[in-house]
Amino acid sequence: MSEQRIAFVTGASRGIGRAIATRLAAEGRHVVLCSRSQAPLNDLKAEIESSTGASASVCACDISDPAALAKAIEDTVSDHGRLDILVNNAGITRDNLLLRMSDEEWDDVISTNLRSVFVACRAAARPMMKGRFGRIVNIASTSGLVGNAGQANYAASKSALTGFTKTVARELGSKGVTANVVAPGFIATDMTKDLPENVVDSVKAMVAVKRLGEPADIASAVAYVTSDDAGFLTGQTITVDGGMTMC
Ligand code: NDP
């Protein structure tokens, strides 16, 4: 590889996305940090640049706005002349039981967790094919694999990523572009910090390694899937859940 790989990571301001961005920067990638809030991205950029010596850039964007997200990817390509790695990590929950779930709760989750991935992949496909290299990783969830009461919207959005990603893998594989899903189990982040203690204890009991995951556990998997070495790995769902589901 003669030039530095350029990576675009959504949801980089905290949690799993922050760990992924930090890890990819440590592996020598230039990382474009994307989320809605700019201040934590500025802080992360400074932290990455001081700790790794790698450069990073900040892109404040609401991924549920298709035009804004497509422009963010196009701007990345025009600024850097290429896009090698796309990590669609940003996601939200709007939990409710099926009988109580509103159209708005459904639509919010589908547009943020699913439509954004379609929009980002569509925008990234041409530059990746042109460069004859691409690594797309879509972050799903074990909720999308086995279901979870109260998460019909979220589970549907995450489950849909598997069929979508396999299709992208088939369409782009001959051009050197891979597409995979990483499906985390329970990971200690803002998304899970308000779970009652008894729920956390019952989750730990189901996890073979008897702990919640850390954002770095997901970042390790993403680092491999996005590496130059992973060119024969595509269309897969890699479940990183400490052995909770084993499905
Ligand atoms: P957090 O809630 O900690 O962080 C979510 C990130 O997404 C933030 O950076 C947030 O930044 C960004 N984000 C949310 N909405 C938007 C938006 N509309 N536009 C741009 N950025 C947005 O989540 P986690 O780190 O826990 O989760 C990351 C991913 O992993 C998600 O897809 C989640 O579904 C998945 N996951 C998490 C699990 C867990 O146990 N934590 C388990 C399984 C899957 P900002 O608010 O500034 O926009």
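The values are calculated or read from the model by the stated rules, or taken from the named source; none is laboratory data. These numbers were taken from a predicted model, which means no experiment stands behind them. We place every Cβ from the backbone using ideal geometry, glycine too, and count neighbours over all the protein chains shown. With ligands, DNA and RNA removed, areas are computed over all heavy atoms of the protein, side chains included. Shrake-Rupley method; radii C 1.70, N 1.55, O 1.52, S 1.80 Å.
Using a simple charge model, +1 on the beta-carbon of Lys and Arg, -1 on the beta-carbon of Asp and Glu, nothing else, what dipole does the chain show about its Cα centre, in debye to the nearest 20? Please list the in-between numbers first.
Values: 25 positive and 27 negative charges, 143 e Å.
Roughly 680 debye for the chain.
Could you point to the residue in S202, A160, A21 farthest towards the positive end of the stretch 6-240's charge dipole, with +1 and -1 charges on the Cβ of Lys/Arg and Asp/Glu respectively?
Towards the positive end, the residue furthest out is A160.
How much net charge surrounds P215 when only other residues with a Cβ under 13 Å from its Cβ are counted (Lys, Arg +1; Asp, Glu -1)? Mind showing how you got there, number by number?
Values: positive: R14, R18, R23, K193; negative: D190, E214, D217.
Neighbourhood net charge equals +1.
Non-local amide H neighbours of I136 (under 5 Å, H modeled in plane, Pro and chain starts lacking H): which ones?
When sequence neighbours closer than 5 places are left aside, the close amide H contacts are L86, T178, A179, N180.
Can you order the peptides 234-242, 87-95, 134-142 by their average number of other Cβ atoms within 10 Å per residue, highest first?
Details: 234-242: 19.3, 87-95: 23.1, 134-142: 26.0.
Put in order of decreasing packing, that is 134-142, 87-95, 234-242.
Rounded to whole Hz and in sequence order, give me ³J(HN,Hα) for the stretch 107-112 from the Karplus expression 6.51 cos²θ - 1.76 cosθ + 1.60, θ = phi - 60°, writing x for Gly and Pro.
5, 4, 5, 5, 6, 7
Using a 1.4 Å probe, what is the accessible area per residue for the stretch 6-240, in Å²? Spell out each step's value before the answer.
Values: 10740 Å² over 235 residues.
Accessible area per residue, the stretch 6-240: 46 Å².
Quick one: dipole size for the stretch 190-247, taken about the Cα centre, charges +1 on Lys/Arg Cβ and -1 on Asp/Glu Cβ, in debye to the nearest 20. Could the numbers behind the result be given before it?
Working: 4 positive and 9 negative charges, 41 e Å.
With Lys and Arg at +1 and Asp and Glu at -1, about 200 debye.
Report the relative contact order of the stretch 1-107, percent, no decimals, based on alpha-carbon pairs under 8 angstrom and at least 6 residues apart. Write out the running numbers ahead of the final one.
Values: 169 pairs, mean separation 32.0, N = 107.
Answer for the stretch 1-107 is 30 percent.
Lys and Arg at +1, Asp and Glu at -1: add these up for the other residues within a Cβ distance under 11 Å of R5 and post the number.
On the way: positive: R29, R82, R135; negative: E3, E27, D84, D228.
Charge balance in the 11 Å sphere: -1.
If I take every Cα pair under 8 Å that is 6 or more residues apart in the stretch 100-247, average their sequence separation and divide by the length, what percent do I get for the relative contact order?
Values: 208 pairs, mean separation 40.3, N = 148.
Once normalised by length, the contact order is 27 percent.
Carbon-plus-sulfur fraction of the accessible area of the stretch 6-240, 1.4 Å probe, in percent? Walk me through the numbers before you get to the answer.
Values: 5520 of 10740 Å².
Within the stretch 6-240, the accessible surface is 51 percent carbon and sulfur.
Report the local net charge at Y154: Lys and Arg +1, Asp and Glu -1, summed over other residues whose C-beta lies under 10 Å from its C-beta.
Details: positive: R94, K158; negative: D95, E105.
Every neighbour counted, the sum reads 0.
Take the Cα atoms of the chain, build their convex hull, and give its volume per residue in Å³.
Values: hull volume 30.2 nm³, N = 247.
Enclosed volume per residue, from the Cα hull, is 122 Å³.
If each DSSP helix of 4+ residues adds -39,500 (n - 2.57) and the sum is divided by the residues in the chain, what number results at 222 nm, nearest 500 deg cm²/dmol?
Details: 9 runs with 113 residues, N = 247.
One gets -14500 deg cm²/dmol as the mean residue ellipticity at 222 nm.
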